[in-house]
Amino acid sequence: MSDLVGDARAWSPDAQEAVRLLAVSALVEGRDRVEVATLFKVSVKAVDNWWAKWRAGGRDALLSRPRGRRVGEHQVLSEAEQAAVRQAVLDHIPSDLGLSGQLWTRGLIGELIFKLYRVRFTEPGVGKYLKRWGLTFQRPDKRAVEQDPEAVRVWCEETWPAIRARAKAEGAEVLFGNQVGIRSPQVTGRTWGEQGQTPVVRRTGNRFSVNAMSAISTKGRMHFMVFTDTFAAQVMCRFLARLVGHFDRKVHLIVDRHSAHRSKAVRAWLAGHKDQVELHFLPSYSPELNPDELVNADLKRSLPHTHRARNQAELAAETRRFFHRRQRQPHIIRGYFGGPHVRYTLDENPMSF
């Protein structure tokens with residue numbers, strides 16, 4: 001407040017408001033304006049201004065007002081323009097709109113704003129808008145461009161509910177299956193060490209791998225097979241034979257469209273075991289619909305934290321230990337079905353996404 005003098009300049013807005021009200025009250029009581037200015041350590045001009053405001057607007061004219069701009073006041077982009085940019089970021093990738101890249105950055109959003117409205121923003125300026133719009137910087141989910149959204153919708157809303165209903169009527173078991181390849185583990189992540197001295201982790205220079213096939217159910221059951229040969233039709237038949245051996249009822253197994261799953265040899269094997277197992281295929285290019293993919297991700301995260309395998313036999317043993325451990329943890333297996341893209345498996349009324 002420029003009319004305050006001395007210590008009054010450092011007063012808070014509430015304190016200044018109190019002084020204004022007290023000063024005007026003193027004037028109302030008949031005190032002289034110079035006397036009031038001296039009493040409250042302000043200028044006579046300040047007292048005159050307060051008196052004029054009080055006479056024009058009463059007590060409300062003397063109350064403190066919030067400082068600075070109101071939210072949204074004097075913004076360069078209008079509300080409609082902001083809404084348009086926000087929706088463009090949510091609905092498109094930069095290359096859709098004639099910009100470079102697949103992921104939005106503050107710089108690219110600034111380019112989009114300039115392209116649309118010929119207004120330049122710094123990256124911090126764009127960041128303020130993004131915060132206001134409720135947008136945050138996130139790691140995106142990936143989808144194959146070949147994926148058919150309509151096929152995904154049909155699977156979630158029609159095919160899967162029909163499979164589940166059939167299995168329930170037959171008293172059958174439903175499992176989701178998948179295969180995974182595990183290479184000699186690479187050292188990933190971070191470890192503790194002395195500042196300025198990069199820690200050294202020794203690992204084998206040999207290259208080797210093993211494969212695994214697993215199947216899980218919403219009841220927390222897991223079945224698996226670890227093998228060292230290439231995944232092919234003969235391996236799939238061997239896994240199916242082992243799988244049905246664990247059940248005294250029919251199994252409905254849901255897998256992706258790997259060529260081995262649809263091979264002539266597998267079809268022939270299935271034809272001879274119709275009462276024991278039936279295969280169903282997920283939509284093409286849609287691994288996110290398979291809960292067993294989360295098992296594979298869990299496996300690959302877990303292995304580097306266990307003993308470092310020095311050869312194929314040790315890697316196979318570590319992989320088996322992982323699956324045996326998870327078999328004793330049905331709550332974790334059931335948890336795989338709670339992932340955001342596979343939750344439809346638990347929903348009685350699945351919606352497309």
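Only the coordinates and a few stated rules stand behind these numbers; no lab work does. All values derive from a computational prediction rather than experimental measurement. As a convention, Cβ positions derive from the backbone with ideal geometry for all residues, glycine included, and neighbour counts pool all protein chains shown.
From the phi angles alone, apply the Karplus equation (6.51, -1.76, 1.60; θ = phi - 60°) to the stretch 327-344 and give each ³J(HN,Hα) in whole Hz, x where the residue is Gly or Pro.
Ordered by residue, 3J(HN,Hα) equals 4, 8, 10, x, 5, 5, 4, 4, x, 4, 7, x, x, x, 9, 10, 5, 4 Hz.
Could I have the simple spin-label model distance between Ser284 and Ser12, label points 7 Å from Cα toward Cβ, reported in nm to one decimal?
In this crude spin-label approximation the distance works out to 6.8 nm.
Expected output is a single nm value to one decimal: the length gained when fully extending between Glu194 and Asp96, i.e. 0.36 nm times separation in residues minus the C-alpha distance. What is it?
30.6 nm
Hey, can you rank 285-294, 87-96 by average C-beta count inside 10 Å, highest first?
285-294, 87-96
From the cross-link list Lys250/Lys300; Lys219/Lys274; Lys219/Lys250, which pairs have alpha carbons spaced over 27 Å apart?
Lys250/Lys300, as the Cα separations exceed 27 Å there.
Return the sequence-ordered ³J(HN,Hα) values of the stretch 214-231 in whole Hz as given by the Karplus equation 6.51 cos²θ - 1.76 cosθ + 1.60 applied to θ = phi - 60°, using x for Gly and Pro.
Values, residue by residue: 9, 8, 10, 10, 5, 7, x, 8, 9, 10, 8, 8, 9, 8, 10, 7, 5, 6 Hz.
Report the FRET efficiency, 1/(1 + (r/R0)^6), for Asn311 and Ala232, where r is their Cβ-Cβ distance and R0 is 22 Å, rounded to 0.05.
Approximately 0.40, to the nearest 0.05.
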